[in-house]
Amino acid sequence: MVSNKHLELGLLNFTGLAITQLNFSSSGHDSALFTRKTDNGIVVLLLYVDGMIITGDDSVGIEGLKKFLCEHFVMKDLGQLSNFLGLEVLSSSDSLFLSQAKYMLLILSLEQDSLIAKLNTLLLNPTLDLLLKTVLCSMMLLFIGNS
């Protein structure tokens, strides 16, 4: 992940540079996503306010992009991506695992009292089957155990 507090100001200029000088294609689905296919693979560039993610399987292309960016912006390479916009990112040689577990637990801890009250109400509902009540009890124990 690369971060730069001044990047936000030059984002529009950068977008033009990325497309014209570096042969990146913009995504039709996300205006902040750019890709470049090469003989060695693909380079993916995702921009977000004051940061970006550079990834792909073309290591030469990735290094070339980083070099180009350093020539046009004051940048800092933050190394292997581990967290982005609340997502935890774990990677292996052939895959990525994205998780929002910490974020979910934070939200649950902030709303713990309200959630426990709602779970109690559900447990008292005579129309719920035993399996669902067992799941609800497990959730309550999880909430109480994390407090």
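Across the alpha-carbon atoms of the stretch 32-147, the computed radius of gyration and Dmax are 22.1, 67 angstrom. In summary, the aspartates and glutamates within cross-link reach of Lys67, defined as a Cα separation below 13 angstrom excluding same-chain residues under 8 places away, comprise Asp77. Length gained on full extension, Val74 to Ile107, computed as 0.36 nm times the residue gap minus the Cα-Cα distance: 8.3 nm. Approximating the spin labels as points 7 Å out from Cα along Cα→Cβ, the Lys66-to-Leu141 distance works out to 4.7 nm.
Annotation: amide H of Gly56 within the under-5 Å range of Val44, sequence separation 5 or more or interchain, hydrogens built in the peptide plane.
Computed 3J(HN,Hα) for the stretch 91-100, one whole-Hz value per residue from the Karplus formula 6.51 cos²θ - 1.76 cosθ + 1.60 where θ = phi - 60°, is 10, 10, 5, 10, 7, 10, 10, 9, 9, 10, glycine and proline marked x. One chain, two ends: Leu132 and Phe84. Fully extended at 0.36 nm per residue, the span grows by 13.9 nm beyond their Cα-Cα distance.
Since every read-out is calculated from the coordinates, none of them should be taken as a lab result. Note that the structure is a prediction, hence the values are computed from the model and not measured. When we count neighbours, we look across all protein chains shown, and the Cβ atoms used for this are built from the backbone with ideal geometry, even at glycine.
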